[in-house]
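Here's the structure we're looking at; comments come further down.
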Amino acid sequence: MSHAMSNAADLLFAPRSTQLRRTMVDCQLRTFDVTDADVLSAVLDTPREPFMSEQVDSLVYSDAALLARGAHTSRRLLVPMVVARAFQEARLTKSDRALDVGGAGGYSAAILARLVGSVIALDDDSGFVETAQRGFSQLGLSNARALKGELSAGLADEGPFDVILVNGAIEVRPDALLAQLADGGRLLAVESAQGAGVGSGQMMLWERIGDVFGSRRLFPAAAGPLPDFARKSMFAF
């Protein structure tokens, strides 16, 4: 990707980036039943380039599961249409406090920042944390910040959260994250079978009502596995 335009804010009005975002919204999001006007507007207003690394210009807004590289981690990203549909299903409000888990360079958290009151992007790779915070600052997203920490542990000291998005496939129920939901809070993650890799899974929604956690399947979704949420293998002797 060209570095001629290094300031993320400039990309909001750059003709090529603007057109690529509009094409993505029209050809990917709308055809995936994303109809919420606020979600569509947030995606249109959020350039993806500042939050990516080593991606060629033509692929940044593709529907491929791109690989992001941090300081010591490589991670498959959720495609934008899956992120947008998840946010639509989460029934976001401007008063929500959100936690974005494992979002790599911070693109999904940047979209969230336009839809909720505040968002924290949590990642265990310092390179991703730095990329996210730089992008937030350049876009003027003062209600978003990036912190380093263990993905499966969440950020109990910063909670409770109204919305939590896990950016990847999980094999076990994320109990520590569920415990950080406020009453009425929602958690979204792609649930996949053990060892399924980047295959097809199901976007799941958990909702907390008091001390009870209900869950339901939302739609099929492919996602890269997050090792922090992998089921531990059992060996028989």
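Only the coordinates and a few stated rules stand behind these numbers; no lab work does. Note that the coordinates shown come from a computational prediction; the quantities given were computed from them, not determined experimentally. Neighbour counts are summed over all protein chains in view; Cβ atoms, including those assigned to glycine, are modelled from backbone coordinates with ideal geometry.
Details
- Taking a Cβ cut-off of under 12 Å around residue 39, the surrounding Lys, Arg, Asp and Glu residues balance to a net charge of -1, with basic ones at +1 and acidic ones at -1.
- A simple count of charges around residue 164, restricted to other residues whose Cβ falls under 9 Å of its Cβ and scoring Lys, Arg +1 and Asp, Glu -1, yields -1.
- Annotation for region 153-174 versus region 23-63: alpha-carbon center distance of 24 Å.
- Nonlocal amide H pairs with residue 146, under 5 Å, H built at 1.01 Å: 121
- Between residue 31 and residue 217, the simple spin-label model (points 7 angstrom out along Cα→Cβ) gives 2.4 nm.
- Cα-based shape type of region 8-227, given that a ≥ b ≥ c are square roots of the gyration tensor eigenvalues and the cut on a/c is 1.5: rounded
- When the P(r) is computed for region 70-178, the part past 17 Å accounts for 49% of the Cα-Cα pairs.
- Degrees separating the helix 126-138 axis from the principal Cα axis of the chain, which is the longest one: 50 degrees
- Charge sum, other residues only, whose C-beta stays under 13 Å from residue 102's C-beta, Lys/Arg counted +1 and Asp/Glu -1: -3
- Using the Cβ-Cβ distance between residue 93 and residue 45 with R0 = 25 Å, the FRET efficiency computed as 1/(1 + (r/R0)^6) comes to roughly 0.85.
- Ellipticity estimate at 222 nm from DSSP helix runs (n ≥ 4, -39,500 (n - 2.57)) divided over the chain, nearest 500: -6000 deg cm²/dmol
- Exposure here means at most 15 other Cβ atoms within 10 Å; with GluC sites (Glu not before Pro) in a DSSP loop as sites, the longest stretch of the chain lacking them is 55-149.
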